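The structure appears below as structure tokens.
Every read-out reported here was derived from the displayed coordinates using simple, explicitly stated rules and does not represent laboratory data. Everything numeric in this text was worked out from a predicted model, so none of it was measured. A quick note on method: Cβ atoms are made from the backbone with ideal geometry, for glycine too, and the neighbour counts reach across all protein chains shown.
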Amino acid sequence: MRTDNKALLKVENLSARIDRQVVLDNLSFEVDQGECVAVVGGSGAGKSTLLRCMMGLTRPASPYRGSLWFGGTERCFTSKKQHARPEGIAFVPQNPDHGFDPLKRLNWQWRQAARIVTGSSAFNASQQALMDSLGLRSFGSSFPHQWSRGMQQRLLLGIALLGKPRLLILDEPTSALDSLIAAQVLRTVMTYAQEQDIALLIVTHDLALAARFATRTAIMTAGQIVEFGETSKLLDEPNTAYGKLLVSHRNWEVAVSHGDTVSAAAE
Ligand SMILES: Nc1ncnc2c1ncn2[C@@H]1O[C@H](COP(=O)(O)OP(=O)(O)OP(=O)(O)O)[C@@H](O)[C@H]1O
């Protein structure tokens, strides 16, 4: 449920180019404290570029206009001095390869993350419960490549949640998971985020996921956000030609629904 709180995050008039091609064109949207917002759109819409700009990464796209407000602090996308990711934002990439050191065992990486976040390398009860509900009971002495991509993605989610960020950005969080496990993992993430007042920004191709979890949704195509509003209204009555096209092709077969009891550990 959307609240009337002041926005936690505001992206205003963001434009960016790769070489001479405009890949982000005057984008604006916001996320309230504790809210879940989805950004949906087809391949090449500019979703990953948007996230890269938000995380302060200026390659391959370089922003030439716009600002980002987070927790009351403004960062100009064009400022050369302010490229660092704002503190309080965590990011789980679509490709888990980008989140782990391939040469270090997973239990070592988890302990390092826990130490940074909590000051202790041992699991406490709530960390263990989070791990269990993500279907991750033991790392053994595995290296990242010995785990499935789905398990790696869930571990990154666990590490990100453990940090209790104010905003967690998820890039295609279900891309490495089958639909039943995705449903369970996303419910765990949503429950934990609500308990801890963590806002979520989910970038996805999956309109069913947006319909199930996001209070507000932005529809993106060709570098523009063509619609942004309450998810249910936007999916019931899209205003633009692209919104209508996207909604008419949504896949409601994806089982992101209440009541799934499949164990994520059974992957
Ligand atoms: N390294 C690059 N060099 C040139 N053009 C690029 C590069 N990366 C992205 N682009 C272009 O920028 C535009 C936006 O791409 P982007 O990857 O952000 O889209 P996306 O919505 O994330 O797509 P997908 O869902 O397929 O990941 C596209 O036109 C793409 O061709």
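Details
- Relative contact order of region 11-135, defined on C-alpha pairs under 8 angstrom at six or more residues apart (%): 19 percent
- Taking Cα atoms only, the orientation of helix 106-118 departs from the longest principal axis of the chain by about 70 degrees.
- Lysines whose Cα lies under 16 Å from that of K244, excluding same-chain neighbours fewer than 8 positions away: K233
- With the helix formula -39500 (n - 2.57) applied to DSSP H stretches of n ≥ 4, the chain reaches a computed 222 nm mean residue ellipticity of -9000 deg cm²/dmol.
- Spin-label model, A125 to R65: label points 7 Å out along the Cα-to-beta-carbon direction sit 5.5 nm apart.
- Given R0 = 25 Å, the distance between the Cβ atoms of Q196 and C76 translates into a calculated FRET efficiency of 0.25.
- For region 27-40, putting each phi into the Karplus relation 6.51 cos²θ - 1.76 cosθ + 1.60 with θ = phi - 60° gives couplings of 7, 9, 6, 8, 10, 7, 4, x, 8, 10, 10, 10, 10, 10 Hz, in residue order, rounded to whole numbers and with x for Gly and Pro.
- Percent of alpha-carbon pairs separated by more than 16 Å within region 162-204: 35 percent
- Qualifying aspartates and glutamates (Cα of each under 20 Å from Cα of K6; at least 8 residues distant if same chain): E30, D32, E35, E74, E87, E195, D197, E230
- Derived scalar couplings ³J(HN,Hα) [region 234-239; Karplus, 6.51 cos²θ - 1.76 cosθ + 1.60; whole Hz; x for Gly, Pro]: 5, 7, 6, 9, x, 9
- Placing a label point 7 Å from the Cα of Q146 along the Cα-to-Cβ direction, the residues of region 103-123 whose backbone N falls under 18 Å of that point are 103-112.
- Backbone HN-Hα couplings from phi across region 188-197 [Karplus 6.51/-1.76/1.60, Hz, Gly and Pro as x]: 4, 4, 5, 4, 5, 4, 5, 4, 9, 6
- For N107 and R85, the difference between the fully extended length at 0.36 nm per residue and the C-alpha to C-alpha distance is 5.3 nm.
- For the chain, share of DSSP beta bridges that run antiparallel, in % to the nearest 5: 55 percent
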